[in-house]
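For reference, the structure discussed in these notes is given below.
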Amino acid sequence: MTTEEPAIHAEHLHKRYGDKIAVDDVSLRIDPGEVFGILGTNGAGKTTTVEMIAGLRKPDGGRVTLLGLDPRHDRGKVRQVLGVQLQQAYLHGALTVAELMGLYRSFYPDPRSSGELLELVGLEEKRGVRFEKLSGGQQQRLSIALALAGRPRVLILDELTTGLDPRARRQMWATIEHLRDEGVTIVLVSHAMEEVERLCDRVALLDAGRVLAVEPPAGLVALAGAQNLDDAFVALTGKQLEEAE
Ligand SMILES: Nc1ncnc2c1ncn2[C@@H]1O[C@H](COP(=O)(O)OP(=O)(O)OP(=O)(O)O)[C@@H](O)[C@H]1O
C-alpha cells in the first residue's frame, strides 16, 4: 500500500433496492496505475458498486472520490477523466460504428483517432455497420472502444470479455496491458479467474454486498490455503462461481 492519493476512494458505500441490500458498507482504496479486480458471485453487488464509483448511481450512504473529484457533483470534470464500459451498452441502434465513434470523440478535447480506437478492438472493417447489426461480441468491443475515446485516466470495465471469443479476449487483454503500461487506473469487474490472475494487481472479493478480502490474486490463494484462484473463491465465499460465459 502506498501513501499517495488514491485514484479511487470509496468509503462505507451502502445501497439497497427496496428490501434488498445490494451493497453493505463497501470501502475500497485503489491506487493510481493499479489494475483492480472486483470478483464475486452473481448478485454480489459488483455492478452496483462500480456504478456508484462512476457516479451513475446514488449511494444511500458513504462517499466516493475519483482523482479527488466527487463523481456525482463534479460530473463534467469526471467525464473528462473517466471511461466506463457497462454490461449493457445503451447505444442508439440505428447509428453506425463511425457515427457513434464521432459522437463520443466530440465529447473530448483531445480524443483518440477513430482509426486507433477501431484497431484497438479489431473493428476496422465495421465502420459503416449499424450498431444493431453488430454481433453481441462486436457491440461489446465497440462499447470498450467508446470508453477509451477520451484517453481516460481511470477506466471502469464491467465484464470486459464476457461473450467474446478466445481471440477477441486475448486481444482485449493485450489492450488492457497496453493501457496499464500507460499508467491508466483500471477497475475490472470479472467472472473469469484467468483474466483476473493475468491482469489484476489486487482483487476485492465481494459476497452478498460485503468485501470479504482485498489481496493480490496470489494473496487470495494463500489466504484461503488453496491451490488456485478458483478453489480460493469457493473456500472464501462458500459458493461456486457461476460461469458467466
Ligand atoms: N435496479 C435494481 N432494482 C432492484 N434490485 C436490483 C437492481 N439492480 C441490482 N439489484 C439487485 O441488487 C443485488 C446486487 O446486484 P448487482 O447487479 O450489483 O450484482 P453483481 O455482483 O454485479 O451481479 P452480476 O454478476 O449478476 O452482474 C442483486 O441481488 C440484484 O438482484
Exercise for the section: Working carefully through the options Asp201, Asp207, find the one that is surrounded by 14 or more Cβ atoms within 10 Å (Cβ to Cβ), within 17 Å of the chain's Cα centre (by Cα) and of a type outside the set (Val, Ile, Thr). Expected result: Asp201
Problem - Subset of the stretch 55-81 (residues that are charged (D, E, K, R) and within 16 Å of the ligand (Cβ to nearest atom)) - result: Arg57, Lys58, Asp60
Completion exercise
Restricting the stretch 62-81 to residues that are of a type in the set (Lys, Arg) and assigned to a helix (DSSP H, G or I), the one nearest to Tyr104 (Cα to Cα) turns out to be Arg79
Practice task
Scan the stretch 56-85 for residues that are touching a helix residue (DSSP H, G or I) at 6+ places or on another chain (Cβ under 9 Å) and either surrounded by fewer than 17 Cβ atoms within 10 Å (Cβ to Cβ) or farther than 20 Å from Arg112 by Cβ (or both) and jot them down.
Solution key: Leu56, Arg57, Lys58, Pro59, Gly62, Val64, Leu66, Leu69, Asp70, Pro71, Arg72
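Per-residue answers, yes or no, for (1) buried (at least 20 other Cβ atoms within 10 Å of the Cβ); (2) away from the ligand (no atom under 16 Å from the Cβ); (3) not basic (Lys, Arg):
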residue: Leu148; (1), (2), (3): yes, yes, yes
residue: Arg151; (1), (2), (3): no, yes, no
residue: Leu157; (1), (2), (3): yes, no, yes
residue: Thr161; (1), (2), (3): yes, no, yes
residue: Ala168; (1), (2), (3): no, yes, yes
residue: Ala174; (1), (2), (3): no, yes, yes
residue: Val184; (1), (2), (3): yes, yes, yes
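Among the residues in the stretch 37-54, are any away from the ligand (no atom under 16 Å from the Cβ), of a type outside the set (Gly, Ala, Ser), at negative phi and assigned to a strand (DSSP E or B)? Reasoning before the result, please.
As a first pass, look at the stretch 37-54 and keep what is away from the ligand (no atom under 16 Å from the Cβ): none.
No, every residue in the stretch 37-54 fails to be away from the ligand (no atom under 16 Å from the Cβ), of a type outside the set (Gly, Ala, Ser), at negative phi and assigned to a strand (DSSP E or B).
Just checking, how many residues over the stretch 186-196 are away from the ligand (no atom under 16 Å from the Cβ) and crowded, with 19+ Cβ neighbours inside 10 Å?
If we filter the stretch 186-196 for residues that are away from the ligand (no atom under 16 Å from the Cβ), which is where we start, we get 186, 194.
Within this subset, residues satisfying the condition of being crowded, with 19+ Cβ neighbours inside 10 Å are 186.
Of the residues in that region, 1 qualify.
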Practice task
Would you point out the residue of the stretch 1-36, among those that are in a strand (DSSP E or B) and of a type in the set (D, E, K, R), that is farthest from the chain's Cα centre (by Cα)?
Solution key: Lys20
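Just so you know, all these numbers are worked out from the coordinates, no wet-lab data involved. This structure is a prediction, so every number in the text was calculated from the model and none was measured. Here Cβ is always computed from backbone atoms with ideal geometry, including for glycine, and neighbour counts include all displayed protein chains.
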